[in-house]
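Only one structure is covered here, and it is reproduced in the block below.
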Amino acid sequence: MARFLLVHGAAHGAWCWRDLLPALRALGHEARAIDLPSHGQDDTPPEGVTLEDYAQAILAALEPDTILVGHSMGGYPITRAAEIDATRVARLAYLCAYTPWPGMSLARMRFEAPSQPLLPAIRLAADEKTFTFDPARAPGIFYHDCPEGTADYALPRLTPQPVAPNGTAIALEHSPALPRSYILCEEDRAIPPEFQQTMAERFAPGDRHRLPCGHSPFFAMPDRLAALLDAIARA
């Protein structure tokens, strides 16, 4: 049995793990998902949220020997949490996620990709402290291969995404030495699969994995994702 803590990506919340949590538990694992500050049911005003706030929320929920799973933007806060306290982290698992590079914020890393499929969907607030995703474009970007009704469930739950966490680089001192896995999503329309491959190349060959799906495998194929995480935990 392994212990998983699931951390969502930009504008999402713990609700996005709805189908994966029972799938992991059915395999005998302990699994929990949290809302980062200002996301989901957390009512922190998003305008002042920082990457450090994200990391502290993860640490508050982190138990010993936990596999931290970060989706998309969630790759940055799980890494920062591991930098603060690596002793409780059994493994970092990046699910079609940004993996921090030295000196680069997430916003800077995004422009290392060969294309920018998210940019047309981003709506920056007037104060430039948050952004949202265009509800007309979000289904085709995030949920194109998910079961019918997924977008209807997800869109009302999306929240404004704080800008500050995306503009913060992470000093990488402890996390690179931890066991790490990357799960590439081959049909992703949010983070180009080619760029995911570039990020995954910094992982050991045995820690690189692939799923034939888009950006939301927790909706598109939760059982298959659970089986892969189970295999990663057993390895």
*Restricting attention to the range 63-90, which residues are without any contact (Cβ under 8 Å) to a residue 60 or more places away in the chain, open to solvent by less than 10 Å² (accessible area, probe 1.4 Å) and over 13 Å from the mean Cα position of the chain (by Cα)?*
81
*Please state which one of 153, 94, 98 is under 20 Å from the mean Cα position of the chain (by Cα) and assigned to a loop (DSSP other than H, G, I, E, B).*
98
_Residues of the range 120-156 classified as within 15 Å of residue 15 (Cβ to Cβ) and of a type in the set (Val, Ile, Thr), total_ = 1
*Just name the residue that is surrounded by the most Cβ atoms within 10 Å (Cβ to Cβ) out of those in the range 178-235 that are among the charged types (D, E, K, R) and part of a loop (DSSP other than H, G, I, E, B).*
188
_Being closer than 23 Å to residue 89 by Cβ and either touching a helix residue (DSSP H, G or I) at 6+ places or on another chain (Cβ under 7 Å) or of a type in the set (D, E, K, R) (or both) narrows it down to one residue among 155, 178; which is it?_
178
*Of (1) more than 15 Å from residue 217 (Cα to Cα); (2) in contact with a helix residue (DSSP H, G or I) (Cβ under 7 Å, 6 or more places away or on another chain); (3) not in a loop (DSSP other than H, G, I, E, B), residue 24 satisfies all except one. Which?*
(1)
*Are any residues in the range 108-143 open to solvent by less than 70 Å² (accessible area, probe 1.4 Å) and assigned to a loop (DSSP other than H, G, I, E, B), and if so, which ones?*
113, 115, 116, 117, 118, 125, 134, 143
_Flag for residue 139 being of a type outside the set (A, V, I, L, M, F, W, C) and under 18 Å from the mean Cα position of the chain (by Cα)_ = yes
*asked:* I'd like the full set of residues that are out of contact with any Asp or Glu (no Cβ under 9 Å at 6 or more places or on another chain) and part of a loop (DSSP other than H, G, I, E, B), limited to the range 27-78.
replied: 39, 40, 43, 45, 49, 50, 64, 65
_Any hit, the range 121-142, residues being at negative phi, touching a Ser or Thr at 6+ places or on another chain (Cβ under 6 Å) and of a type in the set (D, E, K, R)_ = yes
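The values are calculated or read from the model by the stated rules, or taken from the named source; none is laboratory data. Just so it is clear, the model here is predicted, and its values are computed rather than measured. We place every Cβ from the backbone using ideal geometry, glycine too, and count neighbours over all the protein chains shown. To get the accessible areas, we keep the full protein, side chains included, count just its heavy atoms, and leave off ligands, DNA and RNA. Shrake-Rupley method; radii C 1.70, N 1.55, O 1.52, S 1.80 Å.
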